[in-house]
1. Would you mind checking which residues have amide H under 5 Å from H168's amide H? H placed 1.01 Å from N; only 5 or more apart, or other chain.
2. Work out how much length D51 to L156 would gain on full extension: take 0.36 nm times their residue separation and subtract the Cα-Cα distance, in nm to one decimal.
3. V27's amide H: which non-local residues (gap 5+, or another chain) put their own amide H closer than 5 Å, with H modeled 1.01 Å from N in plane and none for Pro or chain starts?
4. What size of dipole, in debye to the nearest 20, comes out for the range 1-138 about its Cα centre when the only charges are +1 on Lys and Arg C-beta atoms and -1 on Asp and Glu C-beta atoms?
5. Check every DSSP H run in the chain and write down those whose alpha carbon atoms cover 27 angstrom or more along the long axis and whose mean Kyte-Doolittle hydropathy is 0.0 or greater.
6. From the phi angles alone, apply the Karplus equation (6.51, -1.76, 1.60; θ = phi - 60°) to the range 19-30 and give each ³J(HN,Hα) in whole Hz, x where the residue is Gly or Pro.
7. 5 Å is the cut-off here: which amide hydrogens, built 1.01 Å from N in the peptide plane, fall below it relative to R120, excluding neighbours closer than 5 in sequence?
8. For K182 and H118, what does the FRET efficiency come to when R0 = 25 Å and r is the distance between their Cβ atoms, rounded to the nearest 0.05?
Amino acid sequence: MRRCIATLAGRLFSGARFTMPAGSGAVYLTFDDGPHPESTPRLLGLLARYDARATFFCLGRNVEKYPGLYEEILAAGHAVGNHSWSHPDGWRTTTRSYLADVDCAGAVINSNLFRPPHGRLTPGQYRQIKKKYNIIMWTRMFADYRSSFNPAEVNLSGIRPGDILVLHDSVKTIGNTLPLVKRILSSESRNFISL
């Protein structure tokens, strides 16, 4: 079912990436919404323990607030991407406002990667953003942001080489995210690399 949705979305946004090359068993871990001083250092420590690389899709307002953490992400060998300035919902925001928000974040996030908040873009927003950015969606998003989420119950058997996995880098999610990332890194004999 999840792959069917990705296929349909892939037709609507033909230049966006929902998977990546699967060579060397690569799986692509990504984290949205950071950086934040209560979550980012813990994620960086866990990734270092497993010698894994990830891509952090940062909010511009958080990079402005915590520039040292943004630099730590890069210094640890991870990639970064633009996740907008203020996390707008593309379906409820005019194209002009949405693009201004993304451009504002682009002034502090040095990357040609963009992930739309909530995965929501209008066709007009998509056409404009793809002129500047590689749009990165996902194969699988974990609901680590839900209070009812139980990381121990997540079925990891469907993770395949080339999959792009989304988790979150925030205070709200870190209690769910860390145990799930640890399970993913310790149970998979995969090569975790950044985009």
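Every number here is computed from the coordinates shown, using simple stated rules; none is lab data. Bear in mind the structure is a predicted one, so any value in this text is a computation, not a measurement. No Cβ is skipped: glycine too gets one built from the backbone with ideal geometry, and neighbour counts run over all protein chains shown.
1. Residues meeting the amide H criterion: D32.
2. Gain in length upon complete extension: 35.8 nm.
3. Hits under the 5 Å cutoff: G162, N191, F192, I193.
4. 660
5. none
6. Ordered by residue, 3J(HN,Hα) equals 9, 10, x, 9, x, 6, x, 5, 10, 10, 7, 9 Hz.
7. Placed amide hydrogens put G90 under 5 Å from R120.
8. 0.45
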